[in-house]
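Quick notes on the structure that follows.
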């Protein structure tokens, strides 16, 4: 009986020490976990900061990206965003890739109006045919890609804003050469090609077969540049560019890419030198967009070509793409009301 009482007494005195020891152990585990989280957070923060620095220092800032404020449309929808992406192909073979109104190095080869709705659930990319016949403010009628030669980025923005009567919030100019390094940094991009062809710039070196093709940087450049191989020239070229960009986006936002810091760093490193942006379109703004797009998938990116009335001839004999003013007006109104998704669905524009 006495023995039992002594054991109970010993247990009674030992319990607080065990509890204190257990609490200390639990506290140490929690502190260790918190320290690990802090280290990871600091490491990630340093990594993100490094990426931001790489982008901000690597890209070129466009000093005069926008026209005079008095000439610009007002912003209609708070929260939605419109980005004008201009593609230039400085190093393309000019003997191969020229049009009947001058070499392409003075003009934009690709124009894409990107509309980001306020809810950030989709991204809409509208390709504008470079030969679309429009009014260039202060210069009269011409192909839309001539605005760059006549007045630089600001006049190009003013021309596109006049066409849509909607405001451009940000501008990005991309040299096609950047796609070469970006594609290689991603380990190649797989594109499902509908109709096979042999690109003129790599004739004898590669043929794109119908079906899935894994493109490295050199092949990607040949794919997005080519137009001579197609009876409808720029029409198929624009569709191929959309096909490649969608595949590129899919690879970029895939889990295999987003969980690979080395690949992300290589992507930013490879692309930054070939990108020019307006002064406010920095890493912070783009990073904020990227966070808002964390749930975006390939199916949520809708790309289509601005409807037109086909090929025509201008008064001075140029081969042009005739603008469909009714369709442009409908799309512009949908952008202004942030209802582009409904308009695209109703008019069967999504590809």
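Since every read-out is calculated from the coordinates, none of them should be taken as a lab result. In this text the structure is predicted, and so the values were computed from the model without any measurement. Quick reminder, even Gly has a Cβ in these numbers, built from the backbone with ideal geometry, and neighbours come from all protein chains shown.
In table form, for the structure just shown:
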quantity	calculated
Single unsatisfied condition, residue 113 versus (1) surrounded by fewer than 18 Cβ atoms within 10 Å (Cβ to Cβ); (2) closer than 29 Å to residue 250 by Cα	(1)
Some residue of segment 130-148 being under 26 Å from residue 56 (Cβ atoms), touching a residue at least 24 places away in the same chain (Cβ under 8 Å) and surrounded by fewer than 19 Cβ atoms within 10 Å (Cβ to Cβ)	no
Options 206, 277, 238; residue that is within 18 Å of residue 56 (Cα to Cα) and buried (at least 16 other Cβ atoms within 10 Å of the Cβ)	277
Unmet criterion (only one of (1) assigned to a loop (DSSP other than H, G, I, E, B); (2) over 14 Å from the mean Cα position of the chain (by Cα)) for residue 281	(2)
Residue 309 being closer than 14 Å to residue 125 by Cα and not in a helix (DSSP H, G or I)	no
Within segment 64-85, considering residues that are buried (at least 19 other Cβ atoms within 10 Å of the Cβ) and more than 26 Å from residue 339 (Cβ to Cβ), the one farthest from the chain's Cα centre (by Cα)	67
Checklist (1) buried (at least 19 other Cβ atoms within 10 Å of the Cβ); (2) part of a helix (DSSP H, G or I) applied to residue 290, failing item	(1)
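Listed here are the residues, each with its yes/no results for (1) touching a residue at least 40 places away in the same chain (Cβ under 8 Å); (2) closer than 20 Å to residue 132 by Cβ; (3) out of contact with any helix residue (DSSP H, G or I) (no Cβ under 6 Å at 6 or more places or on another chain); (4) assigned to a helix (DSSP H, G or I).
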position	(1), (2), (3), (4)
294	no, no, yes, no
299	no, no, yes, yes
326	no, yes, yes, yes
334	no, yes, no, yes
338	yes, no, yes, no
345	no, no, yes, yes
